[in-house]
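Below is one structure; the comments refer to it alone.
Derivation of every value follows stated rules applied to the coordinates shown; laboratory data play no part. Since the structure is predicted, the reported quantities are computational estimates derived from the model, not experimental observations. Every residue, glycine among them, receives a Cβ derived from its backbone with ideal geometry; neighbour counts consider all protein chains shown.
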Amino acid sequence: MTVAPPVDLAAGLSKLAQGLIGSEILKVSAEVRALCDAGREVCNLTVGDFSPHEFPIPKALEREIVDALHRGETNYPPSDGVKEMRAAVVSLYKDAFGMAIGIDWTLIAGGARPIIYAAYAAVVDPGDKVIYPIPSWNNNHYTYFTRGVPVELAVGPETNFLPTAEQIRPHVRDARLICICTPLNPTGTVMAREEVEAIARLVVDENARRATTGERPLFLMWDQVYWQLTFGEFRHWTPPQLVPEAAPWTIFVDGISKAFAATGLRVGWVVAPPYIVARMRDILGHVGAWAPRPEQIAVARFLGMRDEVAAYHETMIAGLRERLDLLHDGIEAMRRDGIPVRAIDPQGAIYLSAQFDLIGHAGITTNEQIRKLLLERAGFAVVAFQAFGLKQETGWFRLSAGAVSPDDIRNGLARVRRVLETL
Ligand SMILES: Cc1ncc(COP(=O)(O)O)c(C=O)c1O
């Protein structure tokens, strides 16, 4: 028997818990699942995840996990990560970015999320300013967690949805943390080399000024969980590659979730100076957010198989590009036929930015109405940039390509065209 509580019990929780906003994307996903359960055909472009049928994890990685389990690698891992895994990150960053670091620059955790949380917790005090672009993934929530003060930079298609050094410059004087993600979730766009260099220079110059005043430094969180999924002529750059003096302030966030379609395996890492990493280790140690031991050992071995990694990425990127190109080309074909939609060229990650510019058509005033129209009438499930902090009703959406087949996309686009042609 359940008895209704006499008071609203949730009101007795902490202010932090009461004020927290849950994942907006998971809410949308639940709606999509309900439609699918009711037998509707839905092209599900909502979750930043992969269907294991479309994008399985690398076979060699799977084998290494099973072997590690069979060998009995089932106890606690060290709190900063298994040595082989940390060494694998050192070697990867040397080969990819020319970084010469010791393993005390690394820390392994249960995915990139704990790493981001620990990075914020290690550098942001209540009241500290945190600068990030809008749209971007979850910076608003992590800033809330640490009681930081958000400085949200509105970015749009004119800068490829990425912040520029010039937009950031007026805010750095008393800021604590700049958060950059490239390739960017939700837009799938990649920051150009000149901009990476200019932002790195900005951080170095500001910290040179603070060194003379005794102020606490400005840090740069570089979330590059999609860097291994960068396409065509677009290339991923890191601040210390272009401005080596930026290394003491740069906190890299990385992991296998997106790079190897391995979101359920939970292995992520940070690369940052040891004075930051040591505190992040202690923060996460109390949370117990370690990556499972057998998976750390397996990932370490797999990352060492450079040929297998390259072959896997060749196939994975071809699959992603096929899907993103289909979406892009289908939407652009509608645009050429006079339908008010457009899409940005796929550049990286698993996402496409698309605008369904329907505000003012058929009584539509919000992105939420556009999202519902596409979902309910066309079985085309997308996430509005509002889920990434955007306030303005601009008609821009994230289309995520990891959990759908090319045929799902073709069928979905045909339904969208039919609905929009009759609007
Ligand atoms: C930009 C970005 N960083 C970090 C993460 C978190 O990755 P993980 O699944 O490893 O926690 C995500 C996941 O969507 C992401 O998009």
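For the reader, a short list of remarks on this structure follows.
- Neighbour-count order for Cys179, Cys43, Cys36, fewest beta carbons within 10 angstrom listed first: Cys36, Cys179, Cys43
- The residues neighbouring Phe161, those whose beta-carbon lies less than 14 Å from its own, together hold a net charge of -2 under the Lys/Arg +1, Asp/Glu -1 convention.
- Taking the square roots of five times each eigenvalue of the Cα gyration tensor of the stretch 166-236, the equivalent ellipsoid has semi-axes of 27, 11, 10 Å, listed largest first.
- Helix axis angle, 59-70 relative to the chain longest principal axis, alpha carbon, degrees: 50
- The count of lysine pairs in the chain that are at least 8 places apart or cross chains, and whose C-alpha atoms lie under 27 Å apart, stands at 14.
- Structural size metrics of the chain, computed from C-alpha coordinates, are Rg and Dmax of 22.0, 67 Å.
- Peptides ranked, highest mean first, by Cβ atoms within 10 Å: ranges 335-342, 322-329, 297-304: 297-304, 322-329, 335-342
- Centroid-to-centroid separation of the stretch 345-423 and the stretch 127-205 [C-alpha atoms, Å]: 25
- The modelled label-to-label distance for the pair Ser51/Lys391, using points 7 Å beyond Cα in the direction of Cβ, is 3.9 nm.
- Efficiency of FRET between Ala38 and Lys59 - r from beta-carbon atoms, R0 41 angstrom, step 0.05: 0.70
- With neighbours defined as other Cβ atoms within 10 Å of a residue's Cβ, the residues Trp222, Trp290 order from fewest to most as Trp290, Trp222.
- For the chain, the longest principal axis of the Cα atoms and the long axis of helix 24-37 meet at an angle of about 50 degrees.
- The length gained by stretching the chain between Leu242 and Arg336 to full extension, at 0.36 nm per residue less their Cα-Cα distance, is 29.8 nm.
- Neighbour counting of Cβ atoms within 10 Å sorts the residues Arg63, Arg279, fewest neighbours leading, into Arg63, Arg279.
- Between His313 and Arg147, the distance separating the two model label sites (each 7 Å from Cα on the Cα→Cβ line) works out to 4.2 nm.
- On full extension, the segment bounded by Ala208 and Arg377 gains 55.2 nm, given 0.36 nm per residue less the C-alpha separation.
- Placing a pseudo-label 7 Å from each Cα along the Cα-to-Cβ vector at Arg71 and Lys94 gives an inter-label distance of 2.1 nm.
- Neighbours of Arg266 by Cβ distance under 14 Å: Lys/Arg scored +1, Asp/Glu scored -1, total 0.
- Rounded to the nearest 10 degrees, the angle from helix 193-213 to the longest Cα principal axis of the chain is 50 degrees.
- Relative frequency of Cα-Cα separations exceeding 25 Å in the stretch 161-300, percent: 33
- Seen from Ile131, the other residues with C-beta closer than 12 Å to its C-beta sum to a net charge of 0, counting Lys and Arg as +1 and Asp and Glu as -1.
- In the chain, the DSSP beta bridges split such that about 50 percent are antiparallel, to the nearest 5.
- Expected 222 nm ellipticity per residue - DSSP helices of 4 or more, -39500 (n - 2.57), all of the chain, to 500: -13500 deg cm²/dmol
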